[in-house]
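Chemist: First, the structure itself, so that you have it in front of you.
The values are calculated or read from the model by the stated rules, or taken from the named source; none is laboratory data. What you are looking at is a predicted structure, and each value in this text was computed from that prediction instead of being measured. Cβ atoms come from the backbone with ideal geometry, glycine included; neighbour counts cover every protein chain shown.
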Amino acid sequence: MTILFTPELAEDLIDLTIFSRQPHQLIPILQYCQSQNGYISRETVRQIADYLGVSEAHVYGVASFYTQFRFERPGDHQVRICLGTACHVQGGEILSEEIQKIIGIRPGEISQDQKFEFHEVACLGCCAQAPVVEVDGRIYGKVTRRKLQKVLRDHESI
Ligand code: FES
C-alpha cells in the first residue's frame with residue numbers, strides 16, 4: 001500500500017510530552033496528533049517514532065491499518081453530497097455534478113488551493129429533507145442548484 005503525504009507544515013510538530021514514552025501509547029498519540037493537525041504528516045510519523053523509540057515503518061503500519069487516520073491535509077471546507085436512495089431520487093447526482101462544476105474537483109479530491117474537499121456519501125440521516133448537502137458539518141436540506149451555489153459561495157468567502 002502506498003501512502004501519499006502532503007508537504008509538512010511548521011505546525012505539524014506537536015508537543016507529545018503529555019504522553020508517556022510507552023509503545024502502547026501509539027494509538028492515543030496518533031489520535032491526538034490528528035485532532036491537532038487534522039491529519040498525520042510524514043513529519044508527525046517521524047516525530048512519533050522518535051518519541052516512542054520505534055521505527056517509522058511501525059508507526060505507518062499501525063496508522064494505515066485504521067481508517068480513522070488520514071495522511072493528507074484536509075481541505076478547509078468539507079463538502080458532502082448525499083447519494084442515498086431518498087437523495088438520489090430527488091436529484092442528488094445532478095447536485096453532485098453541479099458541485100464538481102463549481103468547486104472544480106471530483107468526489108474524493110481536495111482542491112489545489114486547499115479550500116474544498118468533496119465526498120459523495122450514502123446517507124446523512126435526514127432523508128425527509130432530500131436532497132441533502134453537508135458543508136463543514138452543517139446540513140442543508142431541500143437543496144436546489146441555486147441554493148447550492150449560494151451555500152458554496154458563502155463558505156468560499158469565509
Ligand atoms: S438518503 Fe440522503 S439523507 Fe438519507
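Chemist: Output the residues belonging to region 79-129 that are more than 18 Å from the chain's Cα centre (by Cα) and within 17 Å of R146 (Cβ to Cβ).
Modeler: If the condition is that a residue be more than 18 Å from the chain's Cα centre (by Cα) and within 17 Å of R146 (Cβ to Cβ), then Q90, G91, G92, I94, L95, E97, E98, K101, I102, Q129 are the ones that fit.
Chemist: Would you pick out the residues in region 136-158 that are in a loop (DSSP other than H, G, I, E, B) and in contact with a strand residue (DSSP E or B) (Cβ under 7 Å, 6 or more places away or on another chain)? Even if it seems obvious, please write down each step before you answer.
Modeler: Keep residues of region 136-158 that are in a loop (DSSP other than H, G, I, E, B), which gives 136-137, 141-144, 157-158.
D136, V143 - these are the residues of region 136-158 that are in a loop (DSSP other than H, G, I, E, B) and in contact with a strand residue (DSSP E or B) (Cβ under 7 Å, 6 or more places away or on another chain).
For (1) small (G, A, S); (2) in the same structural domain as S41 (by TED's automatic domain parsing); (3) closer than 30 Å to N37 by Cβ, each residue gets a yes or a no:
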residue	(1), (2), (3)
F71	no, no, yes
I102	no, no, yes
I110	no, no, yes
L124	no, no, yes
Q129	no, no, no
G137	yes, no, yes
Y140	no, no, yes
R145	no, no, no
K150	no, no, no
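Chemist: If you don't mind, there's one more thing I want to ask. Out of contact with any Gly (no Cβ under 6 Å at 6 or more places or on another chain) and surrounded by fewer than 18 Cβ atoms within 10 Å (Cβ to Cβ): is that true of H58 in this structure?
Modeler: Details: out of contact with any Gly (no Cβ under 6 Å at 6 or more places or on another chain): yes; surrounded by fewer than 18 Cβ atoms within 10 Å (Cβ to Cβ): yes.
When the stated conditions are applied, H58 passes them.
Chemist: Now, a different point. When L152 is evaluated against the numbered criteria (1) surrounded by 13 or more Cβ atoms within 10 Å (Cβ to Cβ); (2) of a type in the set (A, V, I, L, M); (3) at pLDDT 95 or above, which criterion, by number, is the only one it fails?
Modeler: For L152, the exception is condition (3).
Chemist: Across region 110-148, what is the number of residues that are surrounded by 16 or more Cβ atoms within 10 Å (Cβ to Cβ), touching a residue at least 24 places away in the same chain (Cβ under 8 Å), touching a Gly at 6+ places or on another chain (Cβ under 6 Å) and farther than 10 Å from I81 by Cβ?
Modeler: Summing the residues that are surrounded by 16 or more Cβ atoms within 10 Å (Cβ to Cβ), touching a residue at least 24 places away in the same chain (Cβ under 8 Å), touching a Gly at 6+ places or on another chain (Cβ under 6 Å) and farther than 10 Å from I81 by Cβ in region 110-148 gives 3.
Yes or no, residue by residue, for (1) over 26 Å from H155 (Cβ atoms); (2) within 16 Å of the ligand (Cβ to nearest atom); (3) of a type in the set (D, E); (4) at pLDDT below 95:
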{"position": "L26", "(1), (2), (3), (4)": "yes, no, no, no"}
{"position": "Y32", "(1), (2), (3), (4)": "yes, no, no, no"}
{"position": "Q36", "(1), (2), (3), (4)": "no, no, no, yes"}
{"position": "S64", "(1), (2), (3), (4)": "yes, no, no, no"}
{"position": "F71", "(1), (2), (3), (4)": "no, no, no, yes"}
{"position": "C82", "(1), (2), (3), (4)": "no, yes, no, no"}
{"position": "A86", "(1), (2), (3), (4)": "no, yes, no, no"}
{"position": "E97", "(1), (2), (3), (4)": "no, no, yes, no"}
{"position": "D113", "(1), (2), (3), (4)": "no, no, yes, yes"}
